[in-house]
Structure formats: structure tokens, C-alpha cells
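> Take this structure, written in C-alpha cells, and hold onto it; I'll ask about it next.
The values are calculated or read from the model by the stated rules, or taken from the named source; none is laboratory data. Not measured: the values here are computed from a predicted model. Reconstructed Cβ throughout: ideal geometry from the backbone, glycine too, with neighbour counts over all protein chains shown. Surface areas here come from the heavy atoms of the whole protein model, side chains and all, with no ligands, DNA or RNA. Shrake-Rupley method; radii C 1.70, N 1.55, O 1.52, S 1.80 Å.
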Amino acid sequence: MTDVYKPDWTPSNAGKEFACDVMKGVQSSHDGMTNFAATTVRKSISVTKRDKLTVEDYVQGILAGDRMLLARAITLIESNSPKHMELAQAVLQRILPYSGNSIRVGITGVPGAGKSTFIEAVGCSLCQKGHKLAVLAVDPSSSITRGSILGDKTRMENLSREKNAFIRPSPSGGTLGGVTRKSRETLLLCEAAGYDIILVETVGVGQSEITVRSMVDFFLLVVLTGAGDELQGMKKGVMEIADAILVNKADGDNKQKAEMVKVDYERMLHYLRPATEGWQTKAYTCSAVTGAGIAELWDVIHTFREKMMENHAFLNRRKVQTMEWVYAMVEDHLRSVFYQNANVKANRPFIENQVAADQLSATMAAQKLIDAFEKS
């Protein structure tokens, strides 16, 4: 029988009623197995490293629709390592001829509007019809920890089970709207992998959502009933870039109110210039829970694409978006070069202290930094 002993803190006058005993453990590091040392356990565990893939491996895997290789390629795109960036750009260059064959839809709205629930409902419907759907869900990054929960895939439980669906949550990284160079390049990879519908769910933070307009064909604004003064939507400017406005959660007791809100938005849209030339923005209602209005809304998006293809506005918009993308990356590079400049770094603390002490105006401070850059 295993030996037991009384703990050190047992009262000196403790009788049989003091039933606290300590059982001695076995003389090994693995429960119930004698002569099995901890070192043995460590040696038995082998770490399997993933093989390093070549550009050709990535390209062939993506074109074949390999989801695992697509995910690894996206991770490569999202890496900030110069070595990874060089490899990622080589992969992108190879897959460019195979991209561009999808309808790109941007979806935004205030937190709680039901964007993820709507995406799951419309996504499952499209997958069942034979479409291949990619969802790029941009998750807000914390301004303090810089981390993201990336929980959108968990919330789209039914859609994640669809074999024709690919869901990729990505951190916004603090970027307005969460749309960055990496999001755009991820979109191209998904198109090359054969996904004919790309849904981009953005953070939903007001005026910053204008950024998403520069990477999608159709822009959908999801709104709620009872969310306050609808005039705020006009003030934020996001209505001006929407190709459709969707009043979600139009079910149960909320259905009648949703119809009233739809009429209010229709009235406001008459005062706004359409976001896309040749297309009239309208408001619609749907319920992501019951599925009512989902099919009708997708018919609207399909009609939009056909009409824009006929008048060449579809391809012209993509050409403009690509050039805007080029110049945006040039600006990002120049900004990085400016702040990494040794002369700017040396003068920056002194100039900042002068501005903080009200000894130098903001305009003069900016000029001094520029002068320091130009002298170097």
C-alpha cells in the first residue's frame, strides 16, 4: 500500500478526527509509469517543420484551388519580413493573369448591424448554387495591444462548413477601414484560386469606410432600425459611396419598422449623386435569420454587374482602382523613407519639444523636418 504522511502544518494535538493525509507520489515524472524519465518524454516528441515552398509550389497550389496553400500564400502576403515580401511579390506576379474574374462586394455597417450573419446567409445560399465564395473579414485591431480576436470565422459556423467557401479573417492593423495593401493582394490570390465571388467585410467605423470603395465593384451599406437619426448616415458620407443600402433584421415585430426606415433612406437617396454612373442606388430590406430578401438582393448585385459590363464602367473602375493602388503604395513608401531618414530622426525630438512648448508653429515644424530631409 502506498505510504501516506501527515503534512507539516498538522496540529500537535490532532486526533483521529483530523483526516488530512498526503500520499507519496511515484518516483518518476510520468503518472503511473515507473522508470519513465522526463527526458525520455522530451526526446520522443519530434517537431515537424513545414517544408519551404518555392514560387512554383505556391502558384501551382493556388491555381489548383488548394485551400492550404492559398492560406499559406496569404500568410506570406501578410508578413512584414523583407524576405517574405520578395517571395510574395514573385507569387503575385505569376498569378496576376488568372485574377480579376470575380465580382467583388464590399460590405460595411455599424457594429451590431448583422454583417457577419448576413454574409453567412447569403454565402450559404451562393455555395449551394455552385458558386465559390471567399470572405475576407477584416477584424478591428486593438490600439493598445495591437492584437485582434479574429473571431469572424467562428461566428460564421454554417458557412465555414461549406466546401466551396473560404473565410479568411485578417487584422485591420489600425488602418482606416481595415483595407490595406495586404487585403488587396489577398483578394487577387483568392480570384486566382477560382473564387468567383469575393465578399469583403470591413470594420465599420464611419467615414474611413470610403477606403473600401477603392477595391470593390459593388459597395453595400448595412443599417439597422432604431439606431438613431438616419440623417447621421448622410453626414458621415458613407451613403454617397454605397451602391445599395440594406436594412437588416426585418423580421418579427421589427419588420414594419424596417420598411419605414427603408422608405426614409429611399427619400434621402434622391438628394445624393449615385455612387456609380448609370446606376441608381436604392434601399432594400432583408432578414439574415429567416432568409427573406437575401435572394432578391443578390439579384440586384447580379443586375449591377451585367449593366456595368455593358457600358464598360466595370472594367474602367478596376483600371482606376489599380492606379490609385499604385500611387497609394508610392505614398506609403515615401512616408516610410522620410521618417526613417537619419537627419529627420536626429532633428525630430528637438522640433517636437519646440512645438510642445509653443515655441514653434506646426507649419514651421513641418518645414524644418522637410528641410532636414532635403539636406541629407
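> Working out 0.36 nm times the residue gap between Asn353 and Glu331, then minus their Cα-Cα distance, what length gain in nm do you get to one decimal?
5.2 nm
> Provide Val320, Val355, Val344 ordered by accessible surface of protein heavy atoms (probe 1.4 Å), highest first.
My answer, sorted largest first, is Val320, Val355, Val344.
> Could you give me the ³J(HN,Hα) list for region 89-97, computed from phi with Karplus coefficients 6.51, -1.76, 1.60 and θ = phi - 60°, whole Hz, x at Gly and Pro?
5, 5, 5, 4, 4, 6, 8, 3, x
> Now for a separate question. Put a dot 7 Å past each Cα toward the Cβ at Thr363 and Gln280; how far apart are the dots in nm?
4.8 nm
> For His333, what accessible surface area do you get with a 1.4 Å probe? Give it in Å², rounded to 10.
Its heavy atoms expose roughly 120 Å² to the probe.
> What does the extension gain come out to for Thr10 and Asn101, with contour length at 0.36 nm per residue minus their alpha carbon separation?
That works out to 25.1 nm of additional length.
> Modelled label-to-label distance, Leu63 and Asp51, 7 Å Cα→beta-carbon offset: nm?
Going by the 7 Å Cα→Cβ label model, 1.8 nm.
> Another question about this same structure. So how exposed is Tyr327, as accessible area in Å² (1.4 Å probe, rounded to 10)?
130 Å²
> Next question. Beyond 29 Å between alpha-carbons counts as too far, so tell me which of Lys163/Lys249; Lys163/Lys255; Lys257/Lys307; Lys83/Lys368 fall in that bin.
In this structure, Lys163/Lys255; Lys257/Lys307; Lys83/Lys368 lie more than 29 Å apart at Cα.
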